[in-house]
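The values are calculated or read from the model by the stated rules, or taken from the named source; none is laboratory data. Just so we're clear, the structure is a prediction, and the values are computed from it rather than from any experiment. Every residue, glycine among them, receives a Cβ derived from its backbone with ideal geometry; neighbour counts consider all protein chains shown. SASA here: full protein model, heavy atoms, side chains in, ligands and nucleic acids out. Shrake-Rupley method; radii C 1.70, N 1.55, O 1.52, S 1.80 Å.
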Amino acid sequence: MELDVRHLRALCAIADTGSLHRAARLLGTSQPALTTQLRRIEHSLGGLLFSRERTGCRPTPLGRTVLSRARPLLAGMDALITEVRAAVDGVDGRPRLRIGSTASRAIPGWLRRLRERLPGTETQLHVDVSAGALLGLVAAGELDVAFVHQVEGCPLRVPEGLDVRVLVEREPQFISLAVDHPAAEDEVVDLADLAGDRWMVDPSVDGEWDGLRRVFAAAGLNPRVLHGDYLTAASLVATGEVVTPCQPTSRPRPDMAIRPLRGDPLAVRLLLAARAGAYESALYGTVHAALDAAYWEAARMSAPYRAWLSGPRTLRPVLG
């Protein structure tokens with residue numbers, strides 16, 4: 001078996017994500033297929049490249065040697081692809097901006113501002129629940145920028161070669177609950193008042209479940225937890241089946257209340273990532289400024305978040 005670029009990308013994805021499951025999702029394949037591919041690569045090279053541990057995959061000494069050679073090769077290939085694509089864009093006269101994002105209410109305002117501030121630029125959007133996957137796509141040259149969130153206490157694995165800027169240092173996560181839930185009568189909800197509820201969390205969102213478990217443990221709580229996507233969670237919240245964390249920019253509905261948690265125990269850090277050196281270009285300053293304005297516009301449109309911001313706490317955008 002001869003190694004090719006596809007094999008090198010697989011090895012780097014496993015190293016960057018620290019997990020066969022997350023690497024498979026990043027590469028658009030299944031975990032069993034990636035596991036089989038890794039075994040074939042290891043058999044071809046004559047040794048283990050990763051040690052499989054309970055907490056994930058770690059490169060062995062041989063793996064680190066292979067990765068040290070693989071990364072420069074991939075960086076060179078990515079640079080070649082980027083240059084070719086830029087040349088193609090120059091030929092048809094339409095510059096292109098490829099942005100990625102985890103789910104956010106700021107996206108519509110961001111796209112609108114980019115259209116206004118970068119006329120003639122074709123903007124492409126890729127949304128993913130996994131911040132790690134988006135960072136990997138930026139590192140691979142398949143996205144130009146990515147707007148992601150990092151759950152407090154659960155740092156992201158940032159691939160080499162990325163410049164990550166902070167948009168919001170600490171964004172509190174609110175709680176979504178049925179409008180007739182007893183706790184919804186208060187403007188601020190105590191975590192203990194929700195201990196008897198079933199919670200729903202999406203485990204495919206990087207750090208989401210680990211962050212929530214950390215908060216529960218700190219509060220001495222052990223509520224029942226269901227796993228599912230947040231679209232399903234919204235319908236279950238409305239019927240009183242579950243409560244769920246939500247972004248503070250979420251807006252209440254007639255059947256759903258949005259409330260801050262007392263003490264803001266759950267929070268995320270909002271980040272914008274690009275390839276190293278990208279921020280030296282005026283283009284990326286425009287991209288950052290457009291996102292910053294879009295985020296605070298979305299914040300003002302959410303009554304619960306607007307009230308939180310006008311309270312004794314102070315939250316400021318960090319403009320890097």
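Of all residues in the range 104-155 being outside any loop (DSSP other than H, G, I, E, B) and of a type in the set (S, T, N, Q), which is modelled with the highest pLDDT? Give the steps one after another, and end with the answer.
Of all residues in the range 104-155, those outside any loop (DSSP other than H, G, I, E, B) come to 107-117, 122-127, 131-139, 145-151.
Add one more test, that the residue is of a type in the set (S, T, N, Q), and what stays is 123-124, 150.
Values: 123: 92, 124: 92, 150: 95.
Of everything passing the filter in the range 104-155, 150 is modelled with the highest pLDDT.
So which residues in the range 23-42 are open to solvent by 40 Å² or more (accessible area, probe 1.4 Å) and either over 25 Å from the mean Cα position of the chain (by Cα) or farther than 29 Å from residue 204 by Cα (or both), if there are any at all?
36, 39, 40
Determine the pairs where a residue that is among the basic types (Lys, Arg), located within the range 235-258, has a partner that is surrounded by fewer than 21 Cβ atoms within 10 Å (Cβ to Cβ) and part of a loop (DSSP other than H, G, I, E, B) with Cβ atoms under 9 Å apart, the partner being 6 or more residues away or on another chain.
Final answer for the pair search is 251/105; 251/302; 253/179.
Taking the range 166-190 only, how many residues are crowded, with 19+ Cβ neighbours inside 10 Å and of a type outside the set (Gly, Ala, Ser)?
Matching residues across the range 166-190 total 10.
Mind listing whichever residues of the range 104-135 are among the charged types (D, E, K, R) and in contact (Cβ under 8 Å) with a residue 60 or more places away in the chain?
Restricting attention to the range 104-135, the residues satisfying the condition of being among the charged types (D, E, K, R) are 105, 112-113, 115-117, 122, 128.
Listed by number, the residues that qualify are 105, 112, 113, 117.
Quick check on this structure: which one of 220, 228 is open to solvent by 50 Å² or more (accessible area, probe 1.4 Å) and out of contact with any His (no Cβ under 7 Å at 6 or more places or on another chain)?
Working: 228 fails: open to solvent by 50 Å² or more (accessible area, probe 1.4 Å).
Testing whether each residue is open to solvent by 50 Å² or more (accessible area, probe 1.4 Å) and out of contact with any His (no Cβ under 7 Å at 6 or more places or on another chain) leaves just 220.
Given the residues 238, 293, 219, 282, which is the only one that is in contact with a strand residue (DSSP E or B) (Cβ under 7 Å, 6 or more places away or on another chain) and not aromatic (Phe, Trp, Tyr)?
238
Can you name the condition, by its number, that residue 299 falls short on among (1) farther than 30 Å from residue 97 by Cα; (2) open to solvent by less than 30 Å² (accessible area, probe 1.4 Å); (3) touching a Leu at 6+ places or on another chain (Cβ under 8 Å)?
Of everything listed in (1) farther than 30 Å from residue 97 by Cα; (2) open to solvent by less than 30 Å² (accessible area, probe 1.4 Å); (3) touching a Leu at 6+ places or on another chain (Cβ under 8 Å), residue 299 misses just condition (1).
Among the listed residues 291, 271, which satisfies the condition of being modelled with pLDDT of 95 or more, in a helix (DSSP H, G or I) and either over 24 Å from residue 134 (Cβ atoms) or out of contact with any Asp or Glu (no Cβ under 9 Å at 6 or more places or on another chain) (or both)? Reasoning before the result, please.
On the way: 271 fails: in a helix (DSSP H, G or I).
Residue meeting the stated conditions: 291.
Any residue at all in the range 230-244 that's at negative phi and in a strand (DSSP E or B)? Spell out the reasoning first.
If we filter the range 230-244 for residues that are at negative phi, which is where we start, we get 230-239, 241-244.
Remaining after also requiring in a strand (DSSP E or B): 243-244.
Scanning the range 230-244 turns up at least one residue that is at negative phi and in a strand (DSSP E or B).
For the range 156-180, what are the residues that are charged (D, E, K, R) and in a strand (DSSP E or B)?
Of the residues in the range 156-180, the ones charged (D, E, K, R) are 157, 160, 163, 165, 169-171, 180.
Matches in the range 156-180: 163, 165, 169, 170, 171.
Mind listing just one residue for me: the one in the range 43-74 that is free of Cβ contacts under 8 Å to residues at least 60 places away in the same chain and of a type in the set (Gly, Ala, Ser) and, of those, surrounded by the fewest Cβ atoms within 10 Å (Cβ to Cβ)?
Going residue by residue through the range 43-74, those that are free of Cβ contacts under 8 Å to residues at least 60 places away in the same chain are 43-69, 72.
With the extra rule that they be of a type in the set (Gly, Ala, Ser), the set shrinks to 44, 46-47, 51, 56, 63, 68.
Working: 44: 11, 46: 7, 47: 12, 51: 11, 56: 17, 63: 22, 68: 10.
Looking at residues that are free of Cβ contacts under 8 Å to residues at least 60 places away in the same chain and of a type in the set (Gly, Ala, Ser), I get 46.
Please pick out the residue among 275, 213, 269 that is more than 27 Å from residue 162 (Cβ to Cβ) and either open to solvent by 50 Å² or more (accessible area, probe 1.4 Å) or in contact with a Ser or Thr (Cβ under 6 Å, 6 or more places away or on another chain) (or both).
213
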